[in-house]
Amino acid sequence: MSAPSFAPFVLKRPWLRNMLRPLANWYANAASYRQMGLRADDLISEENETVALALKRLGPEENYDRVFRIRRAVQCSITHKLLPKSEWTKAEDDKPYLGPLIAQIEAEAKERKDLDALTVIKNH
C-alpha cells in the first residue's frame with residue numbers, strides 16, 4: 001500500500017499549488033536525482049511486490065529507458081560526477097510513469113480482496 005499523500009489536497013487549491021511549487025522545485029534540485037538523469041519514479045524501491053508487478057507492466061521502451069537512466073546514475077555515483085547540464089532531467093520531463101501503474105495494481109488488489117470477502121445471501 002502506498003503512503004498517504006497531500007498532493008490531491010494541494011492540487012485542488014491553485015493558490016496553495018502556486019505557493020508550494022518553488023519549494024517543490026528547490027527540493028527536487030536539492031535531492032540531485034535530476035542532475036544524474038533520473039526521474040522521480042526511478043527512485044521507487046523495486047523490492048515491493050506491487051512495484052515488481054508494475055515494472056512487469058511497463059512497455060519495453062519505457063523499461064529500457066528506466067534501466068538506462070539507473071545505470072547511468074550508478075556510473076555517475078561511482079565516478080562522483082554529475083551529468084553535463086544538457087543531459088539533466090528537466091522538470092517538465094519528470095512525469096510519473098510508475099506511480100499510476102502502482103495505484104492501478106493497488107486498486108485491483110483492493111477490488112479482489114473485496115470480492116473475495118463478498119458473501120451471498122439467498123432469500124427463500
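Over region 8-98, average the accessible area per residue using a 1.4 Å probe and give it in Å², no decimals. Don't skip to the answer; put the middle values down first.
Values: 6600 Å² over 91 residues.
Here the residues of region 8-98 average 72 Å² of exposed surface.
Towards the positive end of the charge dipole of the chain, with charges on Cβ (+1 Lys, Arg; -1 Asp, Glu), say which of 23, 83, 4 has the farthest Cα.
Among 23, 83, 4, the one farthest towards the positive end of the dipole of the chain is 23.
Ignoring any ligand, DNA or RNA, what whole percent of the accessible area of region 1-98 comes from carbon and sulfur when the probe is 1.4 angstrom? Let's see the in-between values first.
Details: 4490 of 7370 Å².
Within region 1-98, the accessible surface is 61 percent carbon and sulfur.
Among [x] 16.3, 46; [y] 19.2, 75; [z] 12.8, 35, which is the computed Rg and Dmax of the Cα atoms in Å?
Only one option fits the structure, namely [y].
The values are calculated or read from the model by the stated rules, or taken from the named source; none is laboratory data. Here the structure is a predicted model, which means the values were calculated and not measured. Heads up, the Cβs are rebuilt from the backbone with ideal geometry, glycines too, and the neighbour counts pull from every protein chain shown. The accessibility values were calculated without ligands, DNA or RNA, using every heavy atom of the protein model including side chains. Shrake-Rupley method; radii C 1.70, N 1.55, O 1.52, S 1.80 Å.
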